[in-house]
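These notes are about the structure you will find just below.
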Amino acid sequence: MYKITIKQGDIFSENSANFIVNPSNTDLILGSGVSAAFRSNCGNELQKEMKKQAPIKQGDVIVTSCAVNTSFKNALHVAVMDYSKATPSPSYETIKKALENIENIIKTKTPCKMVMPLIGVGVGGLDKEKVIQIYKEFFSRNVDFNCEVVIYGYKKENYHLLKKIFNRRINEYFG
């Protein structure tokens, strides 16, 4: 089962976790937004590690260390933006595929704790409410493993929207 916790702020403010999610791109370049936070919190060694696995397809996920940041055991880099296309933006299907790919990785390492931001709502331009609804549907499913998922809304408005759509008390179990 998934245990959902909703927080406001920077995903790197979390003390520790097995996994931290980076909404990246098919070339696995640490650019802007959350990826820029990965670069500043994990160092240039992370970019070198990521480039060894590039390119990947939109919606795919790769696993790396967090380089110099020892608070997190692994980073999950999700190819949200597709730099092989003239219009690189993701679709809602990209988000669904990414969540499935993330789950395929984490379910082999449970129980676990995963920290993640909203994927595809920054540079990707997807509607926050629709992405949060996808998260809610995905993490409300009954699964045969245990994972705490901490979803961060960086801005206060995103945090409040997460709380509203999940419409549950913080730390409530789904299953």
* Scan region 154-174 for residues that are at pLDDT below 55 and outside any strand (DSSP E or B) and report the count. => 6
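Could you tell me which of the residues Lys85, Lys109, Lys96, Lys73 is surrounded by fewer than 22 Cβ atoms within 10 Å (Cβ to Cβ), within 16 Å of the chain's Cα centre (by Cα) and over 19 Å from Ile11 (Cα atoms)? Spell out the reasoning first.
Working: Lys85 fails: within 16 Å of the chain's Cα centre (by Cα); Lys109 fails: within 16 Å of the chain's Cα centre (by Cα); Lys73 fails: over 19 Å from Ile11 (Cα atoms).
The conditions single out Lys96.
Just the residues that are among the aliphatic types (A, V, I, L, M), surrounded by fewer than 19 Cβ atoms within 10 Å (Cβ to Cβ) and more than 14 Å from the chain's Cα centre (by Cα), please, taken from region 49-68. Don't jump to the end; show me each part of the working.
First, the residues of region 49-68 that are among the aliphatic types (A, V, I, L, M): 50, 54, 56, 61-63, 67-68.
Filter once more, keeping what is surrounded by fewer than 19 Cβ atoms within 10 Å (Cβ to Cβ): 54, 63, 68.
Selection gives Ala54, Val68.
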* Quickly run through region 56-102 and pick out the residues that are more than 15 Å from Leu118 (Cα to Cα) and touching a residue at least 60 places away in the same chain (Cβ under 8 Å). => Pro88
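Across region 14-55, what is the number of residues that are among the hydroxyl-bearing types (Ser, Thr, Tyr) and touching a residue at least 40 places away in the same chain (Cβ under 8 Å)? Before the answer, list the steps.
Our first condition is that a residue be among the hydroxyl-bearing types (Ser, Thr, Tyr); within region 14-55, this holds for 16, 24, 26, 32, 35, 40.
This time we only want the ones that are touching a residue at least 40 places away in the same chain (Cβ under 8 Å), so: 16, 24, 26, 32.
Going through region 14-55 one residue at a time, the tally reaches 4.
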* **Count of region 31-48 residues which are surrounded by 22 or more Cβ atoms within 10 Å (Cβ to Cβ) and not β-branched (Val, Ile, Thr)** => 4
* To do: Being in contact with a Gly (Cβ under 7 Å, 6 or more places away or on another chain), outside any strand (DSSP E or B) and in contact (Cβ under 8 Å) with a residue 60 or more places away in the chain is the filter here, so list the residues in region 119-153 that pass it.
  => Gly122, Val123, Asn142
* State whether one or more residues within region 77-91 are part of a strand (DSSP E or B) and under 19 Å from Cys147 (Cα atoms). => yes
* To do: Would you mention how many residues in region 122-137 are buried (at least 18 other Cβ atoms within 10 Å of the Cβ) and either under 19 Å from Ala17 (Cα atoms) or modelled with pLDDT of 95 or more (or both)?
  => 6
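Can you tell me which of Asn146, Asn158, Asn101 is more than 13 Å from the chain's Cα centre (by Cα), surrounded by 14 or more Cβ atoms within 10 Å (Cβ to Cβ) and within 22 Å of Lys73 (Cα to Cα)? Write out each step before concluding.
On the way: Asn158 fails: within 22 Å of Lys73 (Cα to Cα); Asn101 fails: more than 13 Å from the chain's Cα centre (by Cα).
None of the other options fit; the residue is Asn146.
Per-residue answers, yes or no, for (1) within 17 Å of Tyr83 (Cβ to Cβ); (2) out of contact with any Gly (no Cβ under 7 Å at 6 or more places or on another chain); (3) hydroxyl-bearing (Ser, Thr, Tyr):
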residue	(1), (2), (3)
Met1	no, no, no
Asn15	no, yes, no
Asn22	yes, yes, no
Leu30	yes, yes, no
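The values are calculated or read from the model by the stated rules, or taken from the named source; none is laboratory data. All figures in this text were calculated on a predicted structure; none of them were measured in a lab. So basically every Cβ, Gly included, is an ideal-geometry build from the backbone, and we count neighbours across all protein chains shown.
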